[in-house]
Amino acid sequence: MQDRYRLPRTVVPSRYDLVLEPDLEAVTFSGSTEVQVDVHERVEEVVVNALDLEIAGAELRGDHGTIGVTDVAFDEELQRATLSLAAPVDPGPWTLAMEFRGELNDQLVGFYRSTYTDDDGTHTIATTQFEAADARRAFPCWDEPDLKAVFGITLVVPDGVVALSNGPEIEREPAGAGRVRVRFADTMSMSTYLVAFVVGRLELTEPVDVDGVPLRVAHLPGKGHLTRFALEAGEYSLRFFTEYYGLPYPDKKVDFVALPDFAQGAMENTGLITYRESLLLADPDHATQPELENIADVVAHELAHQWFGNLVTMRWWNGIWLNEAFATFMALLTVDAWRPDWEQWNTFARGVTVAKEVDALRSTRPIEYPVHSPDDAQGMFDVLTYQKGAAILRMLERYLGADRFREGIRLYLSRHAYGNTETHDLWHAIEEASGEPVRRIMDQWIWQGGYPLLTASPDASGVRLDQRRFLADGGADHAVWDVPLRVRTLGNDEDSVLVPADGTIAAGPSDAAAVVNAGASSFLRVRYEGGLLERLIERLPEVSPLERYGLVDDHWAAVTSGAAPVSEFVSAASHYGDEDDLAVWQLLMQGLGWCDRFLDGEPRERFRAFVRRLVAPAMDRLGWEADADEPDRIRALRGALLQGLGVLGADPNAQAAAREFEAEARAGKPVDPSLAAASVNVVAATGDDADYERYWTAYRDRPTPQEQYRYLFAMPLFRDAALMDRTLEATFSGDVRSQDAPFVFAYSLINRDLGERAWATLRERWAEIEERFPAQLTIRTVEGVRYLTRPQHVAEAEAFFAEHPIPQSAKMLEQMLERQRIAAALRERATPDLEAYFSQSPG
């Protein structure tokens, strides 16, 4: 049966010749298109996708004449236009010509407007964001990923502005009235969601020649000095992918565009990749290691898509994980090869933790599930698609070995180039290359939500592994998996094993210190019994940073599920005083941060003293100043420890140092970026009105996007109610861009002391939120609600969102509410436990 949201296949496109003319002053556009189509059966109407467009005229041209269109009927729910023909049309090749017009909207989707202000006034950029289903807002089209076509694009624009599209510019001629007609080379056959055009007052870097592929960055005037790092990352990534995939870059050029208004992080449009400024432009001398790592990750991710997603595309949106998970995985491989000192897989562990938190819910979903409407497609862009999807690919790669995995990927891409695929096509290619039962194993991980908890216990045959599903509420479930696993005993190499869904295995001798999930490369949790954990703790220096991270992560998960008391986690944290890995410390701080939310009065003061005793020695070992040749991650660790001491530990010396660092950095004096960034947060957490005013000035005036965001996202940390009200008001007034407002609001909800105030504002002004904030980011606004863990907040949230659903993110909203309930249950258990612990113990 035909899905009501899918277009009929009676008429399908093969080529679009598209002309668009944006009016940057009137913020409108007009256009025309001639689409070469194949009519497969006799029809009396043609159905295309169109939304927020006016189709001013249309006709169907063929060898035997022209057939007019007598009526255009729009269906807003199905986002389509039905063109009624003056006479029936027989099968064969035809050309559908249409004229249309629309508005450059302010919702950051479709063909939209982005603005910026400089000394010459306010300027408008016309740009696009079409994924998943918004090309239909820019031109009438067959807006489904398997209906690929070639695009010949022409833009009619004011003379003197930059005009970019997917292909390189091949012709420019006057168009009258101060305009020029710019024609671009034909694209490869591709999906509509990958079409893009950008028009505005921008500047372009000189191209970098990457083995015959020109790579440039388009940016706002005066920001060219911030492009070098992204160009270096792009140059390395293009060469890495060409070698890894065994295929040349599939198009003619690559342009990166830094946009002042962009809802997503970036978008992989073929040959014309668009970005938030903060994820493309940076000064490496003033950016932290995590900030630079984010840019490198995003650049590599979008370039990975040029093969995996653009050249080979999922057939329908249920397979979006094929695009996003693989690009996430490939970005990790690439940046790890480029900058091994950054220890990419340790950073990725933090994202995997978030995916595990969501996937442990009863409201989780399989990685792949049926998609019908555009709202369904939008809901696929979540942590399960990206982080869990990438994690299971990493699990498979580690199990098979890098060489066999890569050969399978090469086979998949070469076999399906320029086509569309389903998930099983990927498994078949890897299975053929590896000789392993890949589809049987991986189908369980794709089509079944959740993941296993492996319990390791000693018995006569060795270390026995049993599995059951891990659930965050501590409940039971009968789901099981075939588990690709790496196991090692300390002092020995890793071994690959497959834990069968219907049985158990023995892994290593019973008297060994066994790391069950070696390298933390499998998507699961481990619980050690019978003294096995104690053996690892005794030899903690022999456990790798990723494995130590896994121990802490699994322990905190046991706390949230009710399997372990939170005081046990706090006690265990004291064993990590000698820890030197950034990700492990970040995870410890996350758990301790939750503890801080559950305490008040004297027990909280004792808790703060515990934090100081834990963190201060680590800070003293590092010292307060970075060495010239110090690894970047050590610098980042110093910043994380400063923030832990100054905020969680309320250490007066750290707070005073932070004030000094922040003031010096703001004055342009040399301060290590990690210390400067951490200090912004420490000062805000203890700041007053004067600090707040300085922060607003810094947000507007700092010379790099990263520094501006540090100050903006620190605003919700101030603990004065009047200042919180001002921050929230700024999200509505336009003082904060609509792309950033949802995140500022979410961070306000997380504020330990004033989150309840932000929650009241959210409910009171929900209609304004829906009107002003981009619809695809509405869910980001409410993510902080899960930190409101008192019983009345849980009841209020359930009632409020029952009346105010978020249809484009319905599953994510359901998960957020479940996470809130689990956090509330944790508060109920943890508060008396922690109060007793810190009332009776010095910590």
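The values are calculated or read from the model by the stated rules, or taken from the named source; none is laboratory data. All values reported here derive from a predicted model rather than from experimental measurement. All Cβ positions, even for glycine, are placed from backbone atoms using ideal geometry, and neighbour counts span all protein chains on display. Areas reflect the complete protein model, heavy atoms only, side chains present, ligands, DNA and RNA absent. Shrake-Rupley method; radii C 1.70, N 1.55, O 1.52, S 1.80 Å.
Computed quantities for the displayed model
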read-out: Rg/Rg_ref, the stretch 739-831, where Rg_ref = 2.2 N^0.38 Å and atoms are Cα; value: 1.02
read-out: Exposure of Val199 as accessible area (Å², to 10), given a probe of 1.4 Å and all protein chains; value: 0 Å²
read-out: Net charge contributed by nearby residues that have their C-beta within less than 11 Å of Thr70 (K/R +1, D/E -1); value: -4
read-out: Cβ-based net charge around Arg666, under 12 Å, with every Lys or Arg adding one and every Asp or Glu removing one; value: -1
read-out: Label point distance in nm, Asp75-Gln448, each placed 7 Å from Cα along Cα→Cβ; value: 3.8 nm
read-out: Accessible surface of Trp624 - all protein chains present, 1.4 Å probe, nearest 10 Å²; value: 90 Å²
read-out: Whole-Å semi-axes of the chain's equivalent ellipsoid (Cα gyration tensor); value: 46, 33, 26
read-out: Radius 11 Å from Cβ of Ile430, net charge of other residues (Lys, Arg +1; Asp, Glu -1); value: -2
read-out: Contour excess over end-to-end distance, with Cα ends at Glu41 and Asp90 and 0.36 nm allotted per residue; value: 17.0 nm
read-out: Where labels lie 7 Å past Cα in the beta-carbon direction, separation of Glu729 and Asp211 in nm; value: 5.7 nm
read-out: The stretch 118-177: C-alpha gyration tensor shape, a/c 1.5 cut-off, then a/b vs b/c; value: oblate
read-out: On Cα atoms only, tilt of 652-666 relative to the major axis of the chain in degrees; value: 30 degrees
read-out: Potential lengthening between Val150 and Asp600 on full extension [0.36 nm per residue; Cα-Cα distance subtracted]; value: 155.7 nm
read-out: Cα-based shape type of the stretch 366-499, given that a ≥ b ≥ c are square roots of the gyration tensor eigenvalues and the cut on a/c is 1.5; value: oblate
read-out: Mean Cβ neighbour count within 10 Å, used as a protection proxy, ranking 70-79, 358-367 highest first; value: 358-367, 70-79
read-out: Eligible lysines near Lys811 by straight Cα distance, threshold 23 Å, same-chain separation 8 or greater; value: Lys356, Lys388
read-out: Whole-angstrom gap from the stretch 199-249 to the stretch 265-292, using each part's C-alpha centre; value: 11 Å
read-out: Positive-pole candidate from Ser461, Leu834, Gly475, dipole of the chain, charges at beta carbon; value: Ser461
read-out: Between helix 423-434 and the chain: long-axis angle, C-alpha atoms, 0 to 90°, nearest 10; value: 70 degrees
read-out: Prolate/oblate/rounded label for the stretch 320-389 (Cα gyration tensor, a/c 1.5); value: oblate
read-out: Normalised contact order of the stretch 72-115, rounded percent, pairs of Cα under 8 Å and 6 or more residues apart; value: 18 percent
read-out: Per-residue HN-Hα couplings for the stretch 472-477 [Karplus 6.51, -1.76, 1.60; θ = phi - 60°; Hz; x = Gly/Pro]; value: 5, 8, x, x, 10, 7
read-out: Separation between Cα centres of the stretch 122-169 and the stretch 689-710, rounded to whole Å; value: 34 Å
read-out: Computed FRET value (nearest 0.05) for Ile537 with Arg694, which takes r as the C-beta separation and R₀ as 51 Å; value: 0.65
read-out: Residues with amide H under 5 Å from that of Ala513, placed H, sequence gap 5 or more; value: Leu490
read-out: Heavy atoms of Leu754: accessible area, 1.4 Å probe, square angstrom to 10; value: 20 Å²
read-out: Potential lengthening between Asp186 and Arg621 on full extension [0.36 nm per residue; Cα-Cα distance subtracted]; value: 150.7 nm
read-out: Helix axis angle, 689-701 relative to the chain longest principal axis, alpha carbon, degrees; value: 40 degrees
